[in-house]
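Take a look at the structure set out below.
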Amino acid sequence: MRIWGKLMKDNHLIKDIVVENYDYNLSRTKKVFQALDEMCYEFDLAKPIWLETNKEDFIRRSRTRFTKDSFVEDIEFDYLDFHVIEEDY
């Protein structure tokens with residue numbers, strides 16, 4: 001599984017990272033949470049909260065945006081775009 005994380009501000013890419021996890025012993029959900037943890041570590045961010053809209057978007061499209069409402073602390077960007085770009089089966 002490969003997941004792309006992008007920090008966006010004013011429709012411009014500030015930072016991005018692709019996280020890969022091919023551990024077939026882990027469930028898809030655990031891979032997603034690990035990828036988000038790694039991204040937040042690399043971006044030096046607190047972990048965002050999965051709101052209902054985030055969950056619904058991710059289930060439907062394998063993509064979601066974490067806006068300021070998902071973060072406890074103030075953020076210096078508009079949103080974190082979290083997107084599965086490759087699934088493993």
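What's the angle, to the nearest 10 degrees (0 to 90), between helix 52-61's Cα axis and the longest principal axis of the chain?
50 degrees
Just how large is the dipole of the stretch 2-86 about the Cα centre, in debye to the nearest 20, putting +1 at every Lys and Arg Cβ and -1 at every Asp and Glu Cβ?
Values: 14 positive and 18 negative charges, 88 e Å.
That gives a dipole near 420 debye.
Could you calculate the FRET efficiency of Glu20 with Arg63 from 1/(1 + (r/R0)^6), where r is the beta carbon distance between them and R0 is 25 Å, rounded to 0.05?
Working: r = 17 Å, r/R0 = 0.68.
Taking R0 as 25 Å, the efficiency between Glu20 and Arg63 is 0.90.
For the chain, what is the percent of antiparallel DSSP beta bridges, rounded to the nearest 5?
Working: 20 of 20 bridges.
Here the share of antiparallel DSSP bridges comes out near 100 percent.
Ranked highest first by the average count of other Cβ atoms within 10 Å around their residues, in what order do 58-64, 9-15 fall? The partial results should precede the final answer.
Working: 58-64: 14.1, 9-15: 10.6.
Per-residue mean Cβ counts within 10 Å order the peptides as 58-64, 9-15.
For the chain, find the longest principal axis of its Cα atoms and tell me its angle to the long axis of helix 28-43, 0 to 90°, nearest 10.
40 degrees
By how many nm would the segment from Phe33 to Glu86 grow when fully extended, if each residue of separation counts as 0.36 nm and the alpha-carbon distance is taken off?
17.5 nm
For the chain, what is the calculated [θ] at 222 nm in deg cm²/dmol (nearest 500), taking -39500 (n - 2.57) for each run of four or more DSSP H residues and dividing by its residue count? Don't skip to the answer; put the middle values down first.
Working: 2 runs with 26 residues, N = 89.
The per-residue figure over the chain is -9500 deg cm²/dmol.
What's the local net charge at Phe82, with K and R +1, D and E -1, over the other residues with C-beta under 9 Å away?
Values: positive: Lys6, Arg63, Arg65; negative: Asp81.
Local charge sum for Phe82: +2.
Would you kindly calculate the mean projected area, averaged across all directions, of the convex hull enclosing the Cα atoms of the stretch 27-67, in square nanometres?
Numbers: hull surface 11.6 nm².
Dividing the Cα hull surface by four gives the mean projection, 2.9 nm².
First measure r as the distance between the Cβ atoms of Lys47 and Asn11, then evaluate 1/(1 + (r/R0)^6) with R0 = 22 Å and state the FRET efficiency to the nearest 0.05. Can you show the working numbers first?
On the way: r = 25 Å, r/R0 = 1.12.
Efficiency at R0 = 22 Å is approximately 0.35.
Specify, per residue and in Å³, the volume enclosed by the convex hull of the alpha carbon atoms belonging to the chain. Intermediate values should be presented prior to the final figure.
Values: hull volume 8.2 nm³, N = 89.
It comes to 92 Å³ per residue, whole-number rounded.
For the ranges 65-74, 31-40, 18-27, what's the packing order if you count other beta-carbon atoms within 10 Å of each residue, average per peptide, and put the highest first? Please report the intermediate quantities before stating the final value.
Working: 65-74: 14.0, 31-40: 18.3, 18-27: 12.1.
Per-residue Cβ counts within 10 Å, averaged per peptide and sorted highest first, yield 31-40, 65-74, 18-27.
Using Cα pairs under 8 angstrom and six or more residues apart, how large is the relative contact order of the chain, in percent?
Working: 130 pairs, mean separation 34.9, N = 89.
RCO, the chain: 39 percent.
Every read-out reported here was derived from the displayed coordinates using simple, explicitly stated rules and does not represent laboratory data. Keep in mind that this is a model prediction, so the values were computed, not measured. When we count neighbours, we look across all protein chains shown, and the Cβ atoms used for this are built from the backbone with ideal geometry, even at glycine.
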